[in-house]
1. Could you tell me whether LYS171 is on the phi > 0 side of the Ramachandran plot and among the basic types (Lys, Arg)?
2. Return the residues of the range 111-152 that are touching a helix residue (DSSP H, G or I) at 6+ places or on another chain (Cβ under 7 Å) and charged (D, E, K, R); say none if nothing qualifies.
3. Looking only at the range 156-214, count every residue that is over 20 Å from the mean Cα position of the chain (by Cα), under 12 Å from ALA146 (Cβ atoms) and surrounded by fewer than 17 Cβ atoms within 10 Å (Cβ to Cβ) and tell me the total.
4. Which of the residues belonging to the range 79-98 are over 18 Å from the mean Cα position of the chain (by Cα) and crowded, with 18+ Cβ neighbours inside 10 Å?
5. Among the numbered criteria (1) more than 17 Å from LYS22 (Cβ to Cβ); (2) touching a helix residue (DSSP H, G or I) at 6+ places or on another chain (Cβ under 7 Å), which single criterion is violated by ILE73?
6. Could you grab me the full set of residues in the range 51-83 that are modelled with pLDDT of 95 or more and among the aromatic types (Phe, Trp, Tyr)?
7. Which residues, counting only those in the range 2-26, are crowded, with 17+ Cβ neighbours inside 10 Å and either within 17 Å of TYR61 (Cβ to Cβ) or acidic (Asp, Glu) (or both)?
Amino acid sequence: MNQKRIFITGTNTDVGKTFIAKNILSFLVKRNKSVSIFKPIETGCTETSGYLQPSDSFIFYKILKKNIGLDLINPYRFKPAISPNRAIQLARKKVYISNFIKKAKLHSQFDYLIIEGAGGLCSPLALDGLNVDFAKKMRLNCVLIAKDELGVINNVLLSINTLKKYNCCLKAIVLNRMCKTQPKGMNNLEELKCYTKIPIIQVLKNNLKEKDLKRLSKISLGC
């Protein structure tokens, strides 16, 4: 089976990766597609009675109506809200990129697989690599999420160059405007279009329009 996969990554942490991932997931679920989602590692989990509850992954679990196990969606969890690599070290665990790849293969029966990274593109994901290392080793097409703010042009162009260096295909850029106000005259969307031909989808105030969601899903997953 030729599974269609996409890696949701970002220019930094807290740029809206989970927001975009859950929207694409919901879009496919509503259309009765054979889809799963995989977040290999999540930090900042809440501990209850000795059990670590992952907030982002639990959102996906609910969208999938709990038909796919939470441990399958998110196999590695840590309590400290720090980089995955550091959390692994402090817990004295041995977690490598190869472990994530093995866990991802457990989703092979699905036609579509959405994978969300942790932190930014170059954030340490495991003891032996960054998010981009994982994307390269799994040969994943990528969607880059960037916060629409001052400085984003620099961050996006650096990320594009990094993905090129690693021979990773960037399918789309999501420019996510989370702040209600911006400096007068700033237009990051128009400026970015001068530097790249990669499709850019702008999201305003957490409102991903249906037409933009359809376009993003088609560009990234061909659906």
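1. Values: on the phi > 0 side of the Ramachandran plot: no; among the basic types (Lys, Arg): yes.
No; evaluated as a whole, the condition is false for this residue.
2. Passing the criteria: GLU116, ASP128, ASP133, LYS137, ASP148.
3. Going residue by residue through the range 156-214, those that are over 20 Å from the mean Cα position of the chain (by Cα) are 179-197, 211.
Still in the list and also under 12 Å from ALA146 (Cβ atoms): 188-189, 192, 196.
When the remaining residues are screened for being surrounded by fewer than 17 Cβ atoms within 10 Å (Cβ to Cβ), the result is 189, 196.
Adding up the residues that qualify gives 2.
4. Quick first cut of the range 79-98, residues over 18 Å from the mean Cα position of the chain (by Cα) only: 79-80, 86-96, 98.
Selection gives ALA87, ILE88, VAL95.
5. (1)
6. PHE58, PHE60, TYR61, TYR76, PHE78
7. Scanning the range 2-26 gives ILE8, LYS17, THR18, PHE19, ALA21, LYS22, ASN23, ILE24, LEU25.
The values are calculated or read from the model by the stated rules, or taken from the named source; none is laboratory data. The shown structure was predicted, so the numbers you read here are calculated from the model rather than taken from an experiment. Every residue, glycine among them, receives a Cβ derived from its backbone with ideal geometry; neighbour counts consider all protein chains shown.
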